[in-house]
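Trainee: Have a look at the structure that comes next, please.
The values are calculated or read from the model by the stated rules, or taken from the named source; none is laboratory data. Keep in mind the model is a prediction, meaning the values are calculated, not measured. In this analysis, Cβ positions are derived from the backbone assuming ideal geometry, glycine residues included, and neighbour counts consider all displayed protein chains. Ligands, DNA and RNA are excluded from the accessible area calculation, which covers all protein heavy atoms including side chains. Shrake-Rupley method; radii C 1.70, N 1.55, O 1.52, S 1.80 Å.
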Amino acid sequence: MSASSRYSWTAEARDVLRVRDGFVITGTDPSSTPAYDGEKDEGRADLAAGLDELGQYQERLFAARQTGDADDAVLLVLQGMDTAGKGGIVRHVVGGVDPQGVELASFKKPTPEELEQDFLWRIARRAPEPGMIGVFDRSHYEDVLVGRVRGLADPAEIERRYDAINEFEAGLVERGIRVVKVMLHISYEEQRERLAERLERPDKHWKYNPGDVDERLLWPHYMSAYQRVFDRTSTEHAPWFVVPADRKWYARVAVQTLLLETFEQIDPAWPGIDYDIEAEKARLAAT
């Protein structure tokens, strides 16, 4: 039985949320809950139940790493407009598993050293090792999203980067890294409300950035840039998944389910041992 069918899903999340030929981002309702029968309360319950299952998968994967038996890793790539909920996914989905087995990377403006290298140089250095879950809170896609919208690179260079990304991700998959690329899709109206909340609540003032409003003015350009990303980089080996994110509870349970379905494909097993259990029991009892 799959992760989806155990909870309130009517279909596999990987099938429903996957970007396929003909997908149009503006045709996706950010407030919808595709293939999910439950409401907010059910979503929270499913998230709690799924967290235990995800933790078990992660522990088996990490245990194999400790004994040198791990071949697989998982890389969760999170993209979305400001306030889309990337931090919430990190806290409520990935944050519930053993932190020893998680590598989190958040890619900000490149440093002078990084600008001297190819744009994928700093990304490749943070790819997860076998037995680990890697999380990119923003990623190499910033270099074709912001780069395109803000004109930070010429069109020919942007096109080169799409091809470079596809080749890079194919290499990750060949190494045993399962790449789960998620775009958290919120509406223009929902973003306004979330930014307004940051201004109203003193405990969220630190999260507000005046530059977010500048980026918001470019919303149609960013949607166009995302569409180009999907058209050029949603591949068979590393497809994109667009998760409606106006309802935070749905986005969290959806991303969790995508991870659970990915782990089901890996099906990590507990590593073997090289000692005699009964003999060790006897030795321990004698101490």
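Trainee: With every protein chain left in place, what is the accessible area per residue of segment 2-158 in square angstrom, probe 1.4 Å?
Mentor: Result: 48 Å² per residue.
Trainee: Calculate, for Asp29 and Asp98, the FRET efficiency according to 1/(1 + (r/R0)^6) with r their C-beta to C-beta distance and R0 35 Å; round to the nearest 0.05.
Mentor: 0.45
Trainee: Between Ala170 and Glu189, what is the spin-label point distance in nm, taking each point 7 Å from the Cα along the Cα→C-beta axis?
Mentor: 4.3
Trainee: Now a separate question. Can you give the convex hull volume of the alpha carbon atoms of segment 83-196 per residue, in Å³?
Mentor: With only Cα atoms used, segment 83-196 gives 132 Å³ per residue.
Trainee: Once the piece of chain linking Trp121 and Glu280 is laid out straight, how much longer is it, given 0.36 nm per residue of separation minus the C-alpha distance between them?
Mentor: On the way: separation 159, 0.36 × 159 = 57.24 nm, distance 4.71 nm.
Net length gain for the segment: 52.5 nm.
Trainee: Would you mind counting up the charge near His92? Only other residues with Cβ under 14 Å from its Cβ, with Lys and Arg at +1 and Asp and Glu at -1.
Mentor: Summing Lys/Arg as +1 and Asp/Glu as -1 gives +4.
Trainee: Where does each of 252-263, 205-216, 163-174, 134-145 land if you order them by average Cβ count within 10 Å, highest first?
Mentor: 252-263, 134-145, 163-174, 205-216
Trainee: Quick one: Debye curve from the alpha-carbon atoms of segment 62-141 only, equal weights, vacuum; give me log10 I(q)/I(0) at q = 0.13, 0.26 Å⁻¹ to two decimals.
Mentor: For segment 62-141, the Cα-only Debye profile gives -0.46, -1.21.
Trainee: Separate question: Take Lys109 and Val16, extend 7 Å from each Cα along the Cα→Cβ direction, and tell me the distance between the two endpoints in nm.
Mentor: The modelled label-to-label distance comes out at 4.1 nm.
Trainee: Farthest toward the dipole's positive end in the chain, which of Ala196, Pro130, Thr33, given Cβ charges of +1 (Lys, Arg) and -1 (Asp, Glu) about the Cα centre?
Mentor: Checked the options; the winner is Ala196.
Trainee: While we're looking at this one, here's another question. Rounded to the nearest Å, what's the spacing between the alpha carbon centres of segment 76-108 and segment 148-210? Just the number, please.
Mentor: When both Cα centres are located, 12 Å separates them.
Trainee: Taking the Cα-to-Cβ direction at Asp154 and at Ile273 and moving 7 Å from each Cα, how far apart do the two end points lie in nm?
Mentor: Placing both labels 7 Å beyond Cα along the Cβ direction yields 6.4 nm.
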